[in-house]
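The values are calculated or read from the model by the stated rules, or taken from the named source; none is laboratory data. Everything numeric here is computed off the predicted structure, so don't read it as measured data. With ideal geometry, Cβ positions are generated from the backbone for all residues, glycine too; neighbour counts draw on all protein chains shown.
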Amino acid sequence: MEAMAVSTSVSPADEFDRNVPRICGVCGDKATGFHFNAMTCEGCKGFFRRSMKRKAMFTCPFSGSCTIPKDNRRHCQACRLKRCVEIGMMKEFILTDAEVQRKKDLILKRKEEESQREAQREALQPRLTEEQSRVITLLLEAHRKTYDDSYSDFQQFRPPVRLGPVTRSVTRASSLHSVQNLSSEDSSDSFNPPSDPMDSKLLNFSSLLMSQSSSSSDSSLTSQSISMLPHLADLVSYSIQKVIGFAKMVPGFKELTADDQIALLKSSAIEIIMLRSNQSFNLDDMSWTCGSQDFKYQVKDVEQAGHTMELLEPLVKFQVGLKKLCLHEEEHVLLMAICLLSPDRPAVQDRARIEAFQDRISDVLQAYIRARHPGGRLLYAKMIQKLADLRSLNEEHSKQYRSISFQPEHSMQLTPLVLEVFGNEVS
Ligand SMILES: [Zn+2]
Ligand SMILES: [Zn+2]
């Protein structure tokens, strides 16, 4: 008995051992597994249990050796029960009512614990609220409406003029390129600002600024090193318009006073342009690739617009670092919105309000990373660091912009919008 009891503690894996025929040892029907220590069908299992519980005593009306066929197993209860015992079924394996109850309770308890753990996992599983999802949808829409990744509008800019490698000696060496410079200046007058018109309420351009570009100055002083300036000035001008379009769709922005909207745009425009340009930045050749070869911008091209490595080196580093974060588009647009809604910009009035808007977007970004960016544990911190990097890039850009715009022959290449947003040093 003891030995059998041990052998009956069958694990489910053993039960489904392929060597055991899955046939009821009592009646030959299809067996459902080991019941009370023997392979039987459900019918014989129930019969054995009922018989044991009732302590039934059967007597065979025949010779005591009836066969038990599956379709007539009720024929003789005595011989059926005898057969049960013969194949090893034991009443010790039948649970008492109390044991059955205890087992049921245990199963129920396990189920409850499991569903509790499931609920806990659910609760811990970070998810975005409807409001947060709505903010993301709005920002994605705003970005897609204002960022055309076919870059087809670039055709409308004054054309890029690329000269040989820029060195100071070349810059001084010849006047050969002055013709080219003149021709690119000529075309500047024919440049039509891309359609999407500026909100005239937002930024009032004085006609004074407009007239400035026609009051031509000494173009003979124009150095070759700025051959790319007309094209890139148009590109930046175009980008500013797009950034304004984006800003107007950023939740909260339009609720600010016009003065605060202008203050935020003036100080963040270049940072947002640097951010959004990351979409075209190519790690393979460290260029901004905006469609065709003409619109593929390398560091040397930006140098030919009057900028120096003091800006360009950290700018490229920034682009590489940002690219390597592999941001989702959602994160990319949230970062631009956070950048725009920085309360600590000069000339801002309602800091508390802007901060509240920025906090809301930051919360959305953090929630998004938790819910949707596996392995993004440090991503938020890295993204915020990028905003700090942008501040120093902004500062260096302002410095270089001032020295470019201080020269009338350079500043005349800029567009009224650029002059308005970045400042006009020439008066
Ligand atoms: Zn059976
Ligand atoms: Zn019988």
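Couple of notes before you dig in:
- Candidates ARG73, ARG158, ARG83, filtered to the one that is away from ligand 1 (no atom under 16 Å from the Cβ), charged (D, E, K, R) and surrounded by 11 or more Cβ atoms within 10 Å (Cβ to Cβ): ARG158
- Pairs with Cβ under 7 Å, 6+ apart, first in the stretch 299-325 and farther than 12 Å from TRP288 by Cβ, second among the hydroxyl-bearing types (Ser, Thr, Tyr) and buried (at least 19 other Cβ atoms within 10 Å of the Cβ): GLN304/SER225; GLN304/SER227; GLY306/SER225
- Pair list, Cβ < 8 Å and 6+ apart or interchain, from the stretch 60-71 residues that are in contact (Cβ under 8 Å) with a residue 40 or more places away in the chain to residues that are in a loop (DSSP other than H, G, I, E, B) and away from ligand 1 (no atom under 11 Å from the Cβ): ILE68/HIS75; ILE68/CYS76; PRO69/HIS75
- Pairs with Cβ under 8 Å, 6+ apart, first in the stretch 240-268 and β-branched (Val, Ile, Thr), second modelled with pLDDT of 95 or more and part of a loop (DSSP other than H, G, I, E, B): VAL250/LEU341; THR257/GLN349; THR257/ASP350
- All helices (runs of 4 or more DSSP H) inside the stretch 219-322 with 1 or more residues being among the polar types (S, T, N, Q), buried (at least 16 other Cβ atoms within 10 Å of the Cβ) and at negative phi: 229-249, 258-276
- Residue count for the stretch 218-267, restricted to those that are aliphatic (A, V, I, L, M), more than 25 Å from GLU395 (Cβ to Cβ) and modelled with pLDDT under 95: 1
- Being more than 16 Å from ligand 2 (Cβ to nearest atom), surrounded by 11 or more Cβ atoms within 10 Å (Cβ to Cβ) and in the same structural domain as TRP288 (by TED's automatic domain parsing) holds for only one residue in ARG102, ARG144, and it is ARG144.
- Hits in the stretch 60-70 (condition: within 16 Å of ligand 1 (Cβ to nearest atom) and out of contact with any helix residue (DSSP H, G or I) (no Cβ under 6 Å at 6 or more places or on another chain)): THR67, PRO69, LYS70
- Residue check, ARG110 modelled with pLDDT of 95 or more, in a helix (DSSP H, G or I) and within 12 Å of ligand 1 (Cβ to nearest atom): no
- All of (1) assigned to a loop (DSSP other than H, G, I, E, B); (2) within 14 Å of ligand 2 (Cβ to nearest atom) hold for LYS82 with one exception: (1).
- Within the stretch 39-59, residues that are under 14 Å from CYS79 (Cα atoms) reach partners that are within 16 Å of ligand 2 (Cβ to nearest atom) and part of a helix (DSSP H, G or I) with beta carbons closer than 6 Å, at six or more positions or on different chains, in the pairs PHE48/CYS84; SER51/LEU81; PHE58/GLN77; PHE58/ALA78; PHE58/LEU81; THR59/ALA78.
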